[in-house]
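The values are calculated or read from the model by the stated rules, or taken from the named source; none is laboratory data. Keep in mind it's a predicted model, so treat the numbers as computed, not measured. We place every Cβ from the backbone using ideal geometry, glycine too, and count neighbours over all the protein chains shown.
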């Protein structure tokens with residue numbers, strides 16, 4: 001039972017924080033901790049009494065904060081975050097048929113995350129995006145292009161999910177997520193575009209072996225379409241909705257303060273791939289896969305993906321403040337469901353790490369992605385080359401013979417990225433792709449193309 005002195009001190013702390021009930025809990029925690037620390041310093045409280053007072057004041061403040069803001073008691077935290085990115089983008093190609101062009105784009109995202117009692121979290125994030133083929137936002141891009149006479153731009157749900165973290169005891173950590181979410185798979189854009197927000201369910205289990213090593217398992221079921229009695233000739237069976245399934249094991253190690261590594265093996269698969277008819281039911285964003293005249297995928301897609309990275313931190317480096325990380329990374333993919341053009345690989349190096357004021361990074365990567373190594377519509381759409389003629393059955397065409405710059409599979413080449421953090425919240429990024437097609441279309445044509453992007457990105 002609290003003594004009279006403790007009750008008076010508890011009242012003093014709550015009174016001091018009463019005017020902060022409309023501020024963020026983080027500010028309240030800092031203020032009350034400072035007051036309690038001062039009481040310990042003066043000898044008025046001992047450490048145990050101070051800890052008890054912190055617990056009591058936190059509970060009472062959370063209750064008062066919830067009442068003040070109209071939130072129920074089981075909402076323990078509410079966070080708003082987002083970012084804005086402005087982009088200048090340029091394309092050119094060696095083929096004389098290609099018209100070099102520059103466009104201006106932006107990406108704006110804002111999200112709200114609520115932390116709930118009993119280890120739950122609910123989040124929603126809105127994003128900008130151009131309309132894709134009349135079917136909604138582009139699944140692998142959140143960019144909006146400055147065009148069409150300053151018309152109003154579309155806003156979409158980027159994420160809408162519920163997450164449960166029932167076990168988090170320092171040794172085991174489990175997590176289940178439902179809805180539209182960020183992917184938890186640790187793979188490169190050769191497997192999933194960074195802007196791809198899958199829909200469905202994913203689970204993660206992590207086991208901390210010791211202070212140095214962690215074993216992590218990730219599994220997911222992602223829905224790709226819901227057919228529901230659809231009357232499209234190319235749909236084989238409306239009762240079989242196409243889906244993407246995946247699993248990955250990761251071994252993460254911190255060998256010392258300077259050396260870290262991660263190695264992984266994953267398996268992915270398309271279910272009911274015969275019903276993935278781009279022209280009729282899905283946005284046709286990328287290209288590369290072998291398709292028949294009706295636009296259906298000819299091969300199966302169930303690749304195995306092996307990945308690894310090693311990070312070594314130098315004590316110092318010119319024009320860089322603090323320890324300087326150097327990262328080597330690589331990835332290999334093989335799809336046994338296709339007889340040819342069924343492999344992909346990439347390897348690269350990164351110097352430094354941006355994200356804090358004055359810090360920078362420079363990276364290089366070389367990649368080859370065979371036409372049928374993986375499903376074209378979920379990989380990096382910025383990594384592309386020039387098609388002088390559209391692939392048969394792809395559904396890709398335009399007013400001038402079906403040629404153009406296309407991302408997806410069937411692409412090989414180089415990527416250079418430079419980042420510099422002007423402030424903690426503002427980063428400048430320059431990206432340069434130089435690619436060609438693994439199999440030019442038509443055979444023998446010139447497919448080399450360059451893709452430049454210059455970004456200013458603010459986060460909050």
Kindly indicate which of 387, 420 is assigned by TED's automatic domain parsing to the domain that holds residue 306, farther than 20 Å from residue 342 by Cβ and either modelled with pLDDT under 90 or surrounded by fewer than 19 Cβ atoms within 10 Å (Cβ to Cβ) (or both). 420
Residues that are in contact (Cβ under 8 Å) with a residue 24 or more places away in the chain, touching a helix residue (DSSP H, G or I) at 6+ places or on another chain (Cβ under 9 Å) and either in a strand (DSSP E or B) or more than 30 Å from residue 330 (Cβ to Cβ) (or both): does the range 133-145 have at least one? yes
Any idea how many residues of the range 416-458 are touching a residue at least 60 places away in the same chain (Cβ under 8 Å), in a strand (DSSP E or B) and under 19 Å from residue 288 (Cα atoms)? 3
Mind checking which residues of the range 149-166 are outside any strand (DSSP E or B) and touching a residue at least 12 places away in the same chain (Cβ under 8 Å)? 153, 154, 165, 166
Quickly run through the range 77-124 and pick out the residues that are within 19 Å of residue 178 (Cα to Cα) and not in a strand (DSSP E or B). 117, 118, 119
Go over the candidates 188, 183 one by one and state the one that is over 16 Å from residue 139 (Cβ atoms) and within 15 Å of the chain's Cα centre (by Cα). 188
Condition met for residue 94 (within 26 Å of residue 286 (Cα to Cα), in contact with a strand residue (DSSP E or B) (Cβ under 9 Å, 6 or more places away or on another chain), modelled with pLDDT under 95 and in the same structural domain as residue 167 (by TED's automatic domain parsing)): yes
Which members of the range 177-194 meet the condition of being farther than 20 Å from residue 264 by Cα and either in contact (Cβ under 8 Å) with a residue 60 or more places away in the chain or surrounded by fewer than 16 Cβ atoms within 10 Å (Cβ to Cβ) (or both)? 178
Just the residues that are over 15 Å from residue 460 (Cβ atoms) and loosely packed, with under 15 Cβ neighbours inside 10 Å, please, taken from the range 78-94. 88, 90, 94
Looking for something out of contact with any strand residue (DSSP E or B) (no Cβ under 8 Å at 6 or more places or on another chain), surrounded by fewer than 19 Cβ atoms within 10 Å (Cβ to Cβ) and not in a strand (DSSP E or B) - is there at least one such residue anywhere in the range 212-224? no
